[in-house]
Amino acid sequence: MSVITFISHDGEKYETPLEEGQSLMQIAISNLIPGIDGDCGGEAACGTCHVVVDEGWVDVVGRSTPVEEEMLSMNPERESTSRLACQMTMSEGCDGLVVRLPEFQM
Amino acid sequence: MTTITETMSERAQSLLPMELQIRGAHLYDRTRRFVTRTNGRKIFTERPIPPVDDVALADIDLSNPFLYRQGMWQSYYQRVRDEAPVHYQANSPFGPFWSVTRHADIIAVDKDHETFSAEPFIIIGEPPRFMDVAMFIAMDPPKHDRQRAAVQGVVAPKNLREMETLIRSRVREVLDDLPIGEPFNWVDLVSIELTARMLATLLDFPYEQRRKLVEWSDLASSMEQANGGPSDNDTIFRGFVDAARGLSALWRDKEARLAAGEEPGFDLITMLQSNEDTKDLIDRPMEFLGNLILLIVGGNDTTRNSMSGGVLAFNRFPDQFEKLKANPELIPNAVSEIIRWQTPLAYMRRVAKKDTVLNGQFIRKGDKVIMWYASGNRDERVFDRPDDLIIDRSNARNHISFGFGVHRCMGNRLAEMQLRILWEELLPRFEKIEVVEEPEYVQSNFVRGISRLMVQLTPKTVA
């Protein structure tokens, strides 16, 4: 089974099965991962599914797009590999992906 | 000695233009009213609003500032949502405007700042002439981003963590002093008092003068020609002179304290002063006043009316209060649901920057577009039994009260925290929070405010 790992701000690890074709935000919500809100439902319009991609995975999942930047650029917890999980569609190649969660979703 | 004299003279220089500017605008406005013979005449007089089915679709005017007070808003929004979700009103007192009433359409408009501009105002009307203060909520990127970035840090995680303890101790102080077994106005003793304390902290404003902030905020959000509020222009201008004076003094005092070597705080003024884009904000009087008033208004009406609205909602849906008492872990979700149910600000306005089509309607460049958050939050297409408060509603967080896109509420986490702490502290203290009279509501098409909410408390009996 393909797996994704979310690491909470205080270091707790949550592993979830990877559902191909779903966004990372949808996977987090349906697996009740604490720390991902997804208030706007996947429109990249609220910034509450902010994740920080593990450096080693940037080549696979890519960096934030301009539409994500609109919500991320002013986030005080923003890092260089920050993404909005709702804009990351999961594929088989994402098996083993590791993302960290910020302290607050702003 | 030199420093003090210098500070004093600088202070006078910056004070004078701002006050003069406001006084000049006041004079202009008085002359205009005299010449047009509109002096003393109210734009709005309250009349009973007819049932929505007695009104032709094209005549429906959602900008009526009495719609909320008279309890007619639900039926009006619902008919527009069902029959003309993007609705045109050609002759309102605020001119022609489009109403966007469905959840999905509101998100589409809110996130598209390329097509829909937040400039020059986010309220349906406009402030009196020459009083057009500039706020970043009514600016488009990139200027918006620069100004917002300067103050965003006030709600950064570090600050939020520090504020939690402070907020809790203040909530306890206020709740421990409430009268027991006799009716009192919850709005005044709880909602206004708690938000005033919070605002004074955010601005590092003299604590004993905190109600001044509330007074200024109420004036700014109740202008008749801006949103149908009850305040006349003379009152507004006088209040603004007072606000300009008070806020400039605050700014100068902070500057002097920093210069004297005081440790910089985490308040908004310090943040504005330590940012390249805003450190000279005081030299741009209308921007200075606008942005400070924005931050005050943003933290005032909104949280206040969610604090009152929560109590009212639990009285309308008592089973939900029982559910909350039995399951206090539902408080965070209940907070989102209360913010959805109350929707303290009814809308935000945009102006189309180019011709566009929205849900089948052709909107022309220059048209005014109102996103009715209060309608989107009751959209049956998204929320099941939308008029009911359901504290364990699974999608309560999808409410639209904070807006979406680049203008999304900056203080959302702070607001949620304040409300969460309020309910965390209320539950162990009181068995019942009973609304004993019909509430009174604010006159406005923008602020969905409760001005009087008489309640009686029953303390928890110690087992």
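The values are calculated or read from the model by the stated rules, or taken from the named source; none is laboratory data. Here the structure is a predicted model, which is why all the values come from computation and not from measurement. No Cβ is skipped: glycine too gets one built from the backbone with ideal geometry, and neighbour counts run over all protein chains shown.
Can you report the number of residues in region B:297-307 which are aliphatic (A, V, I, L, M) and surrounded by fewer than 24 Cβ atoms within 10 Å (Cβ to Cβ)? Please lay out each step first, then the result.
Narrowing region B:297-307 to residues aliphatic (A, V, I, L, M): B:297, B:307.
Narrowing further to those that are surrounded by fewer than 24 Cβ atoms within 10 Å (Cβ to Cβ): B:297.
Residues flagged as aliphatic (A, V, I, L, M) and surrounded by fewer than 24 Cβ atoms within 10 Å (Cβ to Cβ) within region B:297-307 amount to 1.
Checking the structure you have, find out if any residue of region B:55-77 is farther than 30 Å from residue A:103 by Cβ, of a type in the set (S, T, N, Q), more than 14 Å from chain A (Cβ to nearest Cβ) and exposed (fewer than 15 other Cβ atoms within 10 Å of the Cβ). Working first, answer last.
Step one: filter region B:55-77 for residues farther than 30 Å from residue A:103 by Cβ, giving B:55-77.
Among the residues that remain, those that are also of a type in the set (S, T, N, Q) are: B:63-64, B:70, B:74-75.
From what is left, the residues that are more than 14 Å from chain A (Cβ to nearest Cβ) are B:63-64, B:70, B:74-75.
Of the ones still in play, those that are also exposed (fewer than 15 other Cβ atoms within 10 Å of the Cβ) are B:70, B:75.
Yes, that holds for at least one residue.
Would you please name the residue that is surrounded by the fewest Cβ atoms within 10 Å (Cβ to Cβ), looking only at residues in region A:4-56 that are within 14 Å of chain B (Cβ to nearest Cβ), assigned to a helix (DSSP H, G or I) and hydrophobic (A, V, I, L, M, F, W, C)?
By that ranking, first place goes to A:29.
Go through (1) of a type in the set (S, T, N, Q); (2) more than 13 Å from the chain's Cα centre (by Cα); (3) under 26 Å from residue B:152 (Cα atoms) for residue A:30 and report which single condition fails.
Result: residue A:30 fails condition (3) only.
In region B:143-157, is there at least one residue being within 14 Å of chain A (Cβ to nearest Cβ) and touching a Ser or Thr at 6+ places or on another chain (Cβ under 6 Å)? Before you say what the answer is, go through the steps one by one.
Going through region B:143-157, the residues within 14 Å of chain A (Cβ to nearest Cβ) turn out to be B:143-157.
Checking the rest, the ones that are also touching a Ser or Thr at 6+ places or on another chain (Cβ under 6 Å) come to B:150.
Looking for residues that are within 14 Å of chain A (Cβ to nearest Cβ) and touching a Ser or Thr at 6+ places or on another chain (Cβ under 6 Å), one finds at least one in region B:143-157, hence yes.
Could you grab the pairs with beta carbons closer than 7 Å, sequence gap of 6+ or different chains, first residue in region B:169-184 and among the β-branched types (Val, Ile, Thr), second one exposed (fewer than 14 other Cβ atoms within 10 Å of the Cβ) and not in a helix (DSSP H, G or I)?
What qualifies is B:180/B:459.
Quick check: anything in region A:65-76 within 30 Å of residue B:105 (Cα to Cα), out of contact with any Cys (no Cβ under 7 Å at 6 or more places or on another chain), touching a residue at least 40 places away in the same chain (Cβ under 8 Å) and away from chain B (no Cβ under 12 Å)?
No, the conditions are met nowhere in region A:65-76.
Just checking, does region B:241-248 include any residue being within 20 Å of residue B:443 (Cβ to Cβ) and part of a helix (DSSP H, G or I)? Walk me through how you get there before you give the answer.
Initial filter on region B:241-248 (within 20 Å of residue B:443 (Cβ to Cβ)): none.
No; the residues of region B:241-248 include none that is within 20 Å of residue B:443 (Cβ to Cβ) and part of a helix (DSSP H, G or I).
Looking at region A:57-82, which of the residues that are among the β-branched types (Val, Ile, Thr) and within 23 Å of residue A:92 (Cβ to Cβ) is surrounded by the most Cβ atoms within 10 Å (Cβ to Cβ)?
Looking at the filtered set, the residue picked out is A:61.
Give the number of residues within region B:195-219 that are more than 15 Å from the chain's Cα centre (by Cα) and in a helix (DSSP H, G or I).
Within region B:195-219, the first condition is being more than 15 Å from the chain's Cα centre (by Cα), and the residues that meet it are B:197, B:200-212.
In the following step, the residues that additionally are in a helix (DSSP H, G or I) were identified as B:197, B:200-203, B:207-212.
The qualifying residues number 11.
Scan region B:173-191 and give yes if some residue there is surrounded by 14 or more Cβ atoms within 10 Å (Cβ to Cβ), under 30 Å from residue B:458 (Cβ atoms), small (Gly, Ala, Ser) and away from every other protein chain (no Cβ under 14 Å), otherwise no. Spell out the reasoning first.
The first filter runs over region B:173-191 and keeps only residues surrounded by 14 or more Cβ atoms within 10 Å (Cβ to Cβ), leaving B:174-175, B:178, B:183-187, B:189-191.
Now narrow it down to the ones that are under 30 Å from residue B:458 (Cβ atoms): B:174-175, B:178, B:183-187, B:189-191.
Applying the additional criterion that residues be small (Gly, Ala, Ser) yields B:191.
Keeping just the survivors that are away from every other protein chain (no Cβ under 14 Å) gives B:191.
The answer is yes; a qualifying residue exists.
Within the bounds of region B:35-48, is there any residue that is under 16 Å from residue B:361 (Cβ atoms) and within 22 Å of the chain's Cα centre (by Cα)? Can you show your working first?
At the first step, the residues of region B:35-48 found to be under 16 Å from residue B:361 (Cβ atoms) are none.
Checking region B:35-48: not a single residue is under 16 Å from residue B:361 (Cβ atoms) and within 22 Å of the chain's Cα centre (by Cα).
List, please: which pairs have Cβ atoms under 6 Å, are six or more places apart or on different chains, and start with a residue in region A:46-60 that is without any contact (Cβ under 8 Å) to a residue 60 or more places away in the chain and end with one that is acidic (Asp, Glu) and in a loop (DSSP other than H, G, I, E, B)?
A:46/A:39; A:48/A:37; A:48/A:39; A:52/A:79
Just to be sure I understand, how many residues within region A:63-106 are in contact with a Pro (Cβ under 9 Å, 6 or more places away or on another chain) and closer than 25 Å to residue A:15 by Cβ? Give the steps one after another, and end with the answer.
Taking region A:63-106 first, the residues in contact with a Pro (Cβ under 9 Å, 6 or more places away or on another chain) are A:70, A:75-79, A:82, A:101-104, A:106.
Retained after the next criterion (residues that are closer than 25 Å to residue A:15 by Cβ): A:77, A:79, A:82, A:101-104.
Here the count works out to 7.
Output the number of the condition that residue B:392 fails; it satisfies all remaining conditions of (1) under 13 Å from residue B:310 (Cβ atoms); (2) surrounded by fewer than 21 Cβ atoms within 10 Å (Cβ to Cβ).
(1)
Taking the criterion of being within 22 Å of residue B:332 (Cβ to Cβ), β-branched (Val, Ile, Thr) and touching a Gly at 6+ places or on another chain (Cβ under 6 Å), would at least one residue in region A:17-29 satisfy it?
Yes: region A:17-29 contains one or more residues that are within 22 Å of residue B:332 (Cβ to Cβ), β-branched (Val, Ile, Thr) and touching a Gly at 6+ places or on another chain (Cβ under 6 Å).
Which condition does residue A:103 not pass, out of (1) assigned to a loop (DSSP other than H, G, I, E, B); (2) buried (at least 22 other Cβ atoms within 10 Å of the Cβ); (3) in contact (Cβ under 8 Å) with a residue 40 or more places away in the chain, if it passes all the others?
Single failed check for residue A:103: (2).
Those residues that are among the basic types (Lys, Arg), part of a loop (DSSP other than H, G, I, E, B) and out of contact with any Lys or Arg (no Cβ under 7 Å at 6 or more places or on another chain), I need them from region B:420-463; list them, please. Explain how you work it out, then say what you get.
Going through region B:420-463, the residues among the basic types (Lys, Arg) turn out to be B:420, B:429, B:432, B:448, B:452, B:460.
Next, from what is left, pick out any that are part of a loop (DSSP other than H, G, I, E, B): B:429, B:448, B:460.
Scanning region B:420-463 gives a single hit, B:448.
If residue B:360 satisfies all but one of (1) small (Gly, Ala, Ser); (2) at negative phi; (3) surrounded by fewer than 23 Cβ atoms within 10 Å (Cβ to Cβ), what's the number of the condition it fails?
Checking residue B:360 against (1) small (Gly, Ala, Ser); (2) at negative phi; (3) surrounded by fewer than 23 Cβ atoms within 10 Å (Cβ to Cβ), the one that fails is (2).
Sort out which residues of region A:81-91 are away from chain B (no Cβ under 13 Å) and within 24 Å of residue B:154 (Cβ to Cβ), and write them in order of number.
Residue satisfying the conditions is A:82 alone.
Which residues, counting only those in region B:86-120, are assigned to a loop (DSSP other than H, G, I, E, B), surrounded by 21 or more Cβ atoms within 10 Å (Cβ to Cβ) and more than 14 Å from chain A (Cβ to nearest Cβ)? Explain how you work it out, then say what you get.
Taking region B:86-120 first, the residues assigned to a loop (DSSP other than H, G, I, E, B) are B:93-94, B:101-102, B:112-115, B:118-120.
Next cut, surrounded by 21 or more Cβ atoms within 10 Å (Cβ to Cβ) only: B:94, B:101-102, B:118.
Of everything in region B:86-120, those that are assigned to a loop (DSSP other than H, G, I, E, B), surrounded by 21 or more Cβ atoms within 10 Å (Cβ to Cβ) and more than 14 Å from chain A (Cβ to nearest Cβ) turn out to be B:94, B:101.
What is the one condition in (1) under 19 Å from the mean Cα position of the chain (by Cα); (2) under 18 Å from residue B:102 (Cβ atoms) that residue B:382 does not satisfy?
That leaves (1) as the condition not met.
When the residues of region B:201-242 are narrowed to those that are within 24 Å of residue B:264 (Cβ to Cβ) and aliphatic (A, V, I, L, M), which ends up surrounded by the most Cβ atoms within 10 Å (Cβ to Cβ)?
For region B:201-242, the residue satisfying everything is B:213.
Within region B:251-284, which residues are more than 22 Å from the chain's Cα centre (by Cα), within 17 Å of residue B:295 (Cα to Cα) and surrounded by 16 or more Cβ atoms within 10 Å (Cβ to Cβ)?
B:251, B:266, B:270, B:273, B:275, B:278, B:281, B:282, listed by residue number.
Got at least one residue in region B:431-443 being under 15 Å from the mean Cα position of the chain (by Cα) and either surrounded by fewer than 18 Cβ atoms within 10 Å (Cβ to Cβ) or within 14 Å of chain A (Cβ to nearest Cβ) (or both)?
Within region B:431-443, none of the residues are under 15 Å from the mean Cα position of the chain (by Cα) and either surrounded by fewer than 18 Cβ atoms within 10 Å (Cβ to Cβ) or within 14 Å of chain A (Cβ to nearest Cβ) (or both).
Checking residue B:229 against (1) at pLDDT 95 or above; (2) outside any helix (DSSP H, G or I), which single condition isn't satisfied?
Among (1) at pLDDT 95 or above; (2) outside any helix (DSSP H, G or I), residue B:229 violates only (1).
Mind listing whichever residues of region A:55-90 are hydroxyl-bearing (Ser, Thr, Tyr) and at pLDDT below 95?
A:73
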